[in-house]
Amino acid sequence: MAAFYPRMQATTTKLLTKYGKTMYLERAGTSVTDPVTGDATTSPPQSLPVIGVVQDFNRLEVDGTLILASDKKVTITAATAPLIGDSLQDGTTKWRIINISDKTPADVTLCYQLQVRR
């Protein structure tokens, strides 16, 4: 049973790679203040490649409050963990990440599902 979930993760990654496309998580730079000099330095923003599939939400999932009709569900591989505050660049479309759900049975993350909004 110990090898089951890592194999599931490999299968999930293989399918998302085959049927998905490359998108980019855009992560803002972090600001750090030197306690001695008081100088603030900011690291540059990051653009992290991810592979995923974009889908519409099922009509039954759309409630008009938490999930809007224009929201999308994006499933990405477990290679890069998304963070709230990141944005998702899909070609010329930039999406804000509203919610993140990780699919993690037995401490092995298979994939991440994102709720994104323009």
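No lab work stands behind these numbers, since they all come straight from the coordinates. Since the model is a prediction, treat every value here as computed from it, not as a measurement. Cβ: placed from backbone, ideal geometry, glycine included. Neighbour counts: every protein chain shown.
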The chain: angle of helix 4-19 to the longest principal axis, Cα-based, in degrees nearest 10: 90 degrees
For the chain, share of DSSP beta bridges that run antiparallel, in % to the nearest 5: 95 percent
Quick one: which residues, 5 or more positions from Phe57 or on another chain, have an amide H under 5 Å from its amide H? H modelled 1.01 Å from N in the peptide plane, none for Pro or chain starts. Lys73
Rounded to the nearest 500 deg cm²/dmol, what is the calculated helix-only ellipticity per residue at 222 nm for the chain, with -39500 (n - 2.57) per DSSP H run of length n ≥ 4? -4500 deg cm²/dmol
Sort the following peptides by mean Cβ neighbour count (other Cβ atoms within 10 Å, averaged over residues), highest first: 88-94, 70-76. 70-76, 88-94
Taking a straight Cα-to-Cα line shorter than 18 Å from Lys72, and setting aside same-chain aspartates and glutamates fewer than 8 residues away, one finds Glu26, Asp56, Glu61, Asp63, Asp86, Asp90, Asp102
With N set to the residue count of the range 1-72, report its C-alpha Rg divided by 2.2 N^0.38 Å to two decimal places. 1.77
